[in-house]
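So the structure is just underneath, and the comments pick up after that.
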Amino acid sequence: MWLKELKRNVQTLEQLKQYTQFSKEEEKKLKHLIELHPMNITQYYLSLIDWEDPFDPIKRMVVPNQEELRLFGSYDTGGERMSTKMPGLQHKYSRTALILTTNRCASYCRYCFRKRMVGLPTNEIIKRFSDAVKYIQKHKEINNILISGGDPFILPVLILEKFLKKLSIIPHIDFIRFGTKVPVVFPNRILKDRGLLNLLRKYSREQKRLYVVTQFNHPKEITKKSRDAINELINCSIIINNQTVLLKGVNDNPEILSELLNGLVGIGVNPYYVFQCRPVKRVKYRFQISLYRGIKILEEANKNLNGHSKRFKYIMSHETGKIEILGIIDNEIYFKYHEARNPSNVGKMFKRKLSREAGWLNELHKG
């Protein structure tokens, strides 16, 4: 049973010490860090780590590190509080409603942009689902819903069915998305729960498809089990997109990135976005690379990608909108609003003076 497997997750420093060792000073700092931002790692995802490799990318993504004690950045880089209409419901872009269903995930990523709430007490998840449904029914400009969290795929099937039953009958909703990393970090939730698959098959209909938006960040994550999980979803008529986060020490390398994106297309997963890592507190210093480096890495990676692997957009999810990072001409970086809080900005292009160090729009100057 998948629930029993989750109970075997590594959540304490004592459990983690069965795999690796720390100095007394490191232990003290990591215990404090885990109190601030909990650790949670599935046994499956732990099995992908090469503990002999000090630079193992899987380890970097889920094992706490004292570099996270650096407080650069913000806990709300995308302006989520400004977009919140009621606890658990955000409406930032006119066509999309976002429902935060839980503050838990199968595994906790150390670079999470919702680090402020994942694994912690929060008032940001949905309280009165019926009120959210009424809001969506009233706002007919909304044509799609993203069900996220935390990770909705660790919720019981009965709760997921409640969401789908109410939302799928709203006439102006064209499709529903689930944001989940379960296929990557905990594929057994999919492989060992026919109830979940039956539910998804039931609600992914010819004229109102279900989408799964997942997050593979490194080729090591494409395993036999993750491929099998993806295949089960495809067999349920689910369309699968991937959002990769560009992460220092994980995939900030053209060869690794091109191997990942080509590999995803091979297993039936569409590269959708490559995200610039957000300047989140306790994340920015450890994981964010500069926009300049990001552009150069993607330019090199593109040389080894096929047409289908090149379909992604390099995106900065900024408080003003989803900004596509187009490239560099002379001493300027060019951008375009892919989505915008202000609808009149959608499609608008603009530029900023080139900086080789800046990792976010706010750090760039107008030319």
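Where a number appears in this text, it was derived from the coordinates with a stated rule and is not lab data. Since the structure is predicted, the reported quantities are computational estimates derived from the model, not experimental observations. Backbone-built Cβ (ideal geometry, glycine too); neighbour counts: all protein chains shown.
General observations
- With the helix formula -39500 (n - 2.57) applied to DSSP H stretches of n ≥ 4, the chain reaches a computed 222 nm mean residue ellipticity of -8500 deg cm²/dmol.
- Within the range 48-123, chymotrypsin sites (Phe, Trp or Tyr not before Pro) in DSSP loop having at most 13 other beta-carbon neighbours inside 10 Å: Trp51, Phe55
- Positive-pole candidate from Asn235, Ile170, Pro87, dipole of the range 86-244, charges at beta carbon: Pro87
- Nonlocal amide H pairs with Gly321, under 5 Å, H built at 1.01 Å: Arg341
- Label-point gap, in nm, between Tyr135 and Arg311 - each point 7 angstrom along Cα→Cβ: 3.1
- For the range 49-58, 3J(HN,Hα) computed residue by residue from phi via the Karplus equation (6.51, -1.76, 1.60; θ = phi - 60°) reads 7, 8, 5, 7, 9, x, 10, 4, x, 5 Hz, glycine and proline entered as x.
- One way to sum up the overall shape of the range 278-367 is the equivalent ellipsoid from its Cα gyration tensor, whose semi-axes run 19, 18, 15 Å, largest first.
- Between the C-alpha center of the range 2-30 and that of the range 229-296 there is a gap of 26 Å.
- Prolate/oblate/rounded label for the chain (Cα gyration tensor, a/c 1.5): rounded
- The string of couplings for the range 305-318 from the Karplus curve (6.51, -1.76, 1.60, θ = phi - 60°) is 9, 7, x, 5, 6, 8, 6, 5, 10, 7, 10, 10, 8, 8 Hz, one whole number per residue in order, with x for Gly and Pro.
- Computed from the C-beta positions of His365 and Glu14, the FRET efficiency with R₀ = 41 Å rounds to 0.25.
- Coil-residue GluC sites (Glu not before Pro) of the range 95-162, DSSP, other Cβ within 10 Å capped at 15: Glu141
- Of the peptides 294-305, 341-352, the ranking by mean beta-carbon count within 10 Å, highest at the top, reads 294-305, 341-352.
- Cβ crowding within 10 Å averaged over residues, with 60-68, 19-27 ranked highest first: 60-68, 19-27
- Comparing Cys109, Cys277, Cys236 in a Gaussian network model of the chain (Cα springs below 10 Å), the most mobile by mean-square fluctuation is Cys236.
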